[in-house]
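The values are calculated or read from the model by the stated rules, or taken from the named source; none is laboratory data. Everything numeric here is computed off the predicted structure, so don't read it as measured data. Cβ placement follows ideal geometry from the backbone for every residue including glycine, while neighbour counts extend to all protein chains displayed.
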Amino acid sequence: MSQSFAETAAGLVALAGVLHARGWMLGTSGNLSAVVERDPLRLAITPSGADKGQLQDSQILLIDRDCKDLNATVGKPSDESLLHVSVVKARGEGVGAVIHTHSVWATVLSDLHSSEGGVGIEGYEMLKGLKGVRTHLHREWIPILDNSQEMPALAETVNKVLAKYPDVHAFFLRRHGLYTWGRDLNEAKRHVEILEFLIEVVCRTREVTNSHER
């Protein structure tokens with residue numbers, strides 16, 4: 001086990017605990033990954049079925065581009081590992097970490113806007129926390145993909161969506177959760193915090209507006 005993998009595994013465990021405490025990875029939901037090597041591609045990733053609030057460094061897997069476990073750990077890669085690999089391959093050097101959360105508000109918003117194919121968020125100062133965004137007037141489009149248990153087909157859909165929208169910072173799986181990423185774990189964490197804040201604001205604003213209209 002390389003030192004870089006050990007450090008990355010520790011970082012994933014620490015961040016998983018933070019996101020679990022925020023209510024964004026309850027139960028065994030969600031997963032995190034980070035690039036250890038690019039050529040050949042190697043990802044450190046959380047295992048399937050693990051409680052993110054009680055995760056241990058020894059549970060972190062090392063997978064290749066085909067999602068094969070390379071360090072013979074007790075756990076097994078999540079079926080969604082293929083989506084992590086797809087994001088990293090699609091975005092190249094710009095992505096060093098991928099985070100998938102299962103928050104209440106992201107689940108709600110992904111369902112409410114599914115017929116539109118995505119949701120646009122604009123006019124909020126917090127948008128400036130996303131990489132490359134310089135003004136609150138920015139409109140962030142978050143595509144919504146139908147959830148599926150057929151991971152190869154879903155991964156191909158992810159590839160097509162990321163090719164169509166090269167500037168997006170995230171996408172939703174309908175009634176499932178949010179995927180976002182960053183050049184490293186710190187940037188990916190920041191994007192999760194920014195996006196989850198904005199998603200909750202949009203949902204709560206709609207809730208308040210609807211109550212006033214009754």
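Only one of VAL95, VAL108 is within 19 Å of the chain's Cα centre (by Cα), farther than 18 Å from TRP181 by Cβ, at pLDDT 95 or above and not basic (Lys, Arg); which? Break it down into steps so the answer makes sense when it comes.
Numbers: VAL95 fails: farther than 18 Å from TRP181 by Cβ.
Sole residue among the options that is within 19 Å of the chain's Cα centre (by Cα), farther than 18 Å from TRP181 by Cβ, at pLDDT 95 or above and not basic (Lys, Arg): VAL108.
Looking across SER110, SER103, SER86, one residue alone is at negative phi and in contact with a strand residue (DSSP E or B) (Cβ under 6 Å, 6 or more places away or on another chain). It is SER110.
Of the residues examined, THR135 is not one that is of a type outside the set (Lys, Arg), surrounded by 16 or more Cβ atoms within 10 Å (Cβ to Cβ) and at pLDDT 95 or above. Looking at SER58, SER29 in this structure, which one is of a type outside the set (Lys, Arg) and in a helix (DSSP H, G or I)? Matching residue, one of SER58, SER29: SER58. Checked against (1) in contact (Cβ under 8 Å) with a residue 60 or more places away in the chain; (2) assigned to a helix (DSSP H, G or I); (3) farther than 22 Å from ALA34 by Cα; (4) not β-branched (Val, Ile, Thr), ALA90 passes all but condition (3).
When GLY49 is tested against (1) under 18 Å from the mean Cα position of the chain (by Cα); (2) more than 26 Å from GLU150 (Cβ to Cβ); (3) of a type outside the set (D, E, K, R); (4) exposed (fewer than 15 other Cβ atoms within 10 Å of the Cβ), exactly one condition is not met: (2).
For region 93-143, give me each residue that is more than 20 Å from LEU19 (Cβ to Cβ), small (Gly, Ala, Ser) and touching a residue at least 40 places away in the same chain (Cβ under 8 Å). GLY94, SER114, GLY118, listed by residue number.
Against the condition assigned to a helix (DSSP H, G or I) and either of a type in the set (A, V, I, L, M) or without any contact (Cβ under 8 Å) to a residue 24 or more places away in the chain (or both), how does LEU82 come out, does it pass?
Numbers: assigned to a helix (DSSP H, G or I): yes; either of a type in the set (A, V, I, L, M) or without any contact (Cβ under 8 Å) to a residue 24 or more places away in the chain (or both): yes.
Against the criterion (assigned to a helix (DSSP H, G or I) and either of a type in the set (A, V, I, L, M) or without any contact (Cβ under 8 Å) to a residue 24 or more places away in the chain (or both)), LEU82 qualifies.
What residue, among those in region 100-120 that are in contact with a Gly (Cβ under 8 Å, 6 or more places away or on another chain) and in a loop (DSSP other than H, G, I, E, B), is surrounded by the most Cβ atoms within 10 Å (Cβ to Cβ)? Per the stated criteria, the residue is SER103.
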